[in-house]
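Undergrad: Dropping the structure in here first, questions after.
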Amino acid sequence: MIRGKDILKLIPQRKPFVMIDSLGVLSQNSAASTLVVRRSNYFLLPDATIAETALVEHVAQTCSALMGYKLGALEVTGEPPVGLIGEVKHFESHRRVRLGERVRTQVTFGFSFGNVTIADGICRVGDEVVAQGQLKIFMQI
């Protein structure tokens, strides 16, 4: 399990925009991450939930972390790879995640062509699916 400062070796985001607490690499094309919603979360709304867009960003950062891991970013010094969301497709938010809840997200890379990868993501709180969708990620590598 990758946590803390090691996460920052894999993704270009920095506080207050870091949306991953831990990352577990399941295979070359799949990873699981966690995020506990804290008061300091940039996307926290007045009703103590996070905006739906926060989950899109959480999935995107999980994809970025997996790509950074695949490219060996833990073993080298320098800047982590930068990824851009090219498209959000079929995104469904079933409910907003509340302050204090732990989101577990799994991403799976599908079709890739050049620096573009299609990724499916699913976010859960406990056993409940709270969001799911597909991202087209462009990696600047």
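Undergrad: Based on DSSP H runs of at least 4 residues, each adding -39500 (n - 2.57), what is the mean residue ellipticity at 222 nm of the chain after dividing by all its residues, to the nearest 500 deg cm²/dmol?
TA: Counting only the DSSP helices, I get -5500 deg cm²/dmol.
Undergrad: For region 1-61, which trypsin sites (Lys or Arg not before Pro) are in a loop by DSSP, counting at most 14 other Cβ atoms within 10 Å?
TA: Answer in residue order: R14, R38, R39.
Undergrad: To make sure I understand the rule: partners must be lysines, Cα under 21 Å from the Cα of K15, and not fewer than 8 residues away in the same chain. Which ones qualify?
TA: K5
Undergrad: Could you let me know the centre-to-centre spacing of region 79-141 and region 33-56, using Cα atoms, in angstrom?
TA: Between the Cα centres of region 79-141 and region 33-56 lies a distance of 15 Å.
Undergrad: Taking 0.36 nm per residue of sequence separation and subtracting the Cα-Cα distance, how much length would be gained by fully extending the chain between L45 and K70, in nm to one decimal?
TA: In short, 5.6 nm is gained.
Undergrad: Where does helix 52-70 land angle-wise versus the long Cα axis of the chain, in degrees 0 to 90, nearest 10?
TA: So the inclination is approximately 30 degrees.
Undergrad: Between V18, I137, L84, whose Cα lies farthest towards the positive end of the dipole of region 2-140 when Lys and Arg beta carbons carry +1 and Asp and Glu beta carbons carry -1, centred on the Cα centre?
TA: V18
Undergrad: Exposure proxy check: V18, V130, V97 ranked by fewest other beta carbons within 10 Å? Show your work: numbers first, answer last.
TA: On the way: V18 16, V130 22, V97 26.
If I rank by nearby Cβ atoms, fewest first, I get V18, V130, V97.
Undergrad: Here's another thing I want to ask about it. Go through region 108-124 residue by residue and turn each phi into a ³J(HN,Hα) via Karplus (6.51, -1.76, 1.60, θ = phi - 60°); whole Hz please, and just put x for glycine and proline.
TA: Karplus-based 3J(HN,Hα) across region 108-124 equals 9, 7, x, 4, 10, 9, x, 9, 10, 10, 8, 10, 9, x, 9, 10, 10 Hz.
Undergrad: Around A31, which amide H atoms from residues at least 5 apart in sequence, or from another chain, sit under 5 Å from its own amide H, with H modelled in the peptide plane?
TA: When sequence neighbours closer than 5 places are left aside, the close amide H contacts are L26, V107.
Undergrad: Name the residue farthest towards the positive end of the dipole of the chain from the options T105, V59, A48, assuming +1 on Cβ of Lys and Arg, -1 on Cβ of Asp and Glu, about the Cα centre.
TA: The one lying farthest along the dipole's positive direction is A48.
Undergrad: I would also like to ask the following. Rounded to the nearest 20 debye, what is the charge dipole size of the chain about its Cα centre when +1 sits on each Lys and Arg Cβ and -1 on each Asp and Glu Cβ?
TA: Approximately 320 debye in magnitude.
Undergrad: Would you tally the net charge around K89, using a Cβ to Cβ cut-off of less than 13 Å, leaving K89 out, and scoring K and R as +1, D and E as -1? Intermediate values should be presented prior to the final figure.
TA: On the way: positive: K136; negative: E87, E92, D120.
Around K89, the charge tally is -2.
Undergrad: Moving on. Going by amide H atoms built from the backbone, whose H comes under 5 Å of the H on V97, apart from near neighbours?
TA: Long-range HN contacts for V97: I50.
Undergrad: Counting other Cβ atoms within 10 Å, which trypsin sites (Lys or Arg not before Pro) in region 57-112 have at most 13 and lie in a DSSP loop?
TA: Working: sites: K70, K89, R95, R96, R98, R102, R104; in loops: R95, R96.
The qualifying sites are R95.
Undergrad: Taking K9 as the anchor, which lysines have their alpha carbon closer than 23 Å to its alpha carbon, excluding any fewer than eight residues away along the same chain?
TA: Qualifying lysines at Cα under 23 Å: K70, K136.
None of the figures in this text is laboratory data; all of them are computed from the coordinates on show. The structure displayed is predicted, hence computed values, not measured ones. Here Cβ is always computed from backbone atoms with ideal geometry, including for glycine, and neighbour counts include all displayed protein chains.
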